[in-house]
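Engineer: Mind having a look at this structure? Questions to follow.
Derivation of every value follows stated rules applied to the coordinates shown; laboratory data play no part. The structure displayed is predicted, hence computed values, not measured ones. All Cβ positions, glycine included, derive from the backbone under ideal geometry; neighbour counts span all protein chains shown.
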Amino acid sequence: MLNRHSNAFGNAKDAIFIAKKSIGSSFKQFLLIIAVACLLGVIINYPFIAKSLGGELLSEIQRKQLADLKAKAEQLSPDIRFVDLVSAKKLFDERQAVFLDARSPDEYAEGTIRGAVGISIMSVITKKVDIEEVIPDKNEVIVTFCSGGECDLAVEMAKELVDRHYANVYVLAEGYPGWFEADFPIAIPEEKVVS
């Protein structure tokens, strides 16, 4: 009887050994498949990966977003103009422009260009804020901005201003994120947004 139990125990040990060997072999095969798939993914997507690592992809995306934003602005009004970061910074340094943050009050409160007036586009459209009271001089240079990239609130604000006969309206396409990344002066507003 002891022999029968030893034999059964020996068979169980053999079965466990075979199962471990089989699992180990399956796991190695699984890892090999994953490694081959990753390698093929890198090879197939190499141009995309190289552009991404080199910063070219981001530049391409930003150029496309700017072109799309300018096309939308052109559709809305031929009088909407754009200003680049360097020119906007010069206007800022020389105190030659009013910077108008068209983002929501919450976004404005999280941080904005130092000295910017926060007036959400929705408050202007719904007439909650009378823009002519906030900026009475129609010849004032105004730089509108929002969250950059695909954000078109600054373009919408510029259209509202142009429609109200403001003569010197510009859009900062890079928006607050571009200003922030350039390490230009920012602030966390102490006062609430106008709207």
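Engineer: Taking the beta-carbon count within 10 Å as an exposure proxy, list 124, 155, 129, 86 from fewest neighbours to most. Please report the intermediate quantities before stating the final value.
Structural biologist: Working: 124 22, 155 25, 129 17, 86 8.
The order, fewest Cβ neighbours first, is 86, 129, 124, 155.
Engineer: Does region 97-183 come out rounded, prolate or oblate by the C-alpha gyration tensor, with a ≥ b ≥ c the root eigenvalues, rounded set by a/c under 1.5 and, if not, prolate when a/b is larger than b/c and oblate if not? Intermediate results must be reported in sequence, preceding the final value.
Structural biologist: Numbers: a/c = 1.66, a/b = 1.42, b/c = 1.17.
Since a/c reaches 1.5 and a/b is larger than b/c, the shape of region 97-183 is classed as prolate.
Engineer: Could you size up the charge dipole of region 51-195 around its Cα centre, putting +1 on the beta carbon of Lys and Arg and -1 on that of Asp and Glu, and report it in debye to the nearest 20? Please list the in-between numbers first.
Structural biologist: On the way: 17 positive and 27 negative charges, 50 e Å.
My answer is approximately 240 debye.
Engineer: Return a whole-number percent for the relative contact order of region 64-187, with Cα pairs under 8 Å and 6 or more residues apart as the contact set.
Structural biologist: Here the relative contact order equals 34 percent.
Engineer: While we're on this one: Which of 63, 103 comes first, and how do the rest follow, when ranked by fewest Cβ neighbours within 10 Å? Walk me through the numbers on the way to the answer.
Structural biologist: On the way: 63 10, 103 25.
By the 10 Å Cβ count, ascending: 63, 103.
Engineer: Please rank 36, 83, fewest neighbouring Cβ atoms within 10 Å first, as an exposure proxy.
Structural biologist: Sorted ascending by nearby Cβ count, the order is 36, 83.
Engineer: I'd like the antiparallel share, as a percent to the nearest 5, of DSSP beta bridges with both residues in region 64-187. It would help to have the intermediate numbers written out before the result.
Structural biologist: On the way: 2 of 15 bridges.
If I count the DSSP bridges inside region 64-187, around 15 percent turn out antiparallel.
Engineer: Please compare each pair in 90/128; 90/159; 64/89 to a cut-off of 28 Å on the Cα-Cα distance and tell me which ones are over it. Before the final figure, lay out each step's value.
Structural biologist: Values: 90/128 32 Å; 90/159 23 Å; 64/89 23 Å.
Checking Cα-Cα distances, 90/128 exceed 28 Å.
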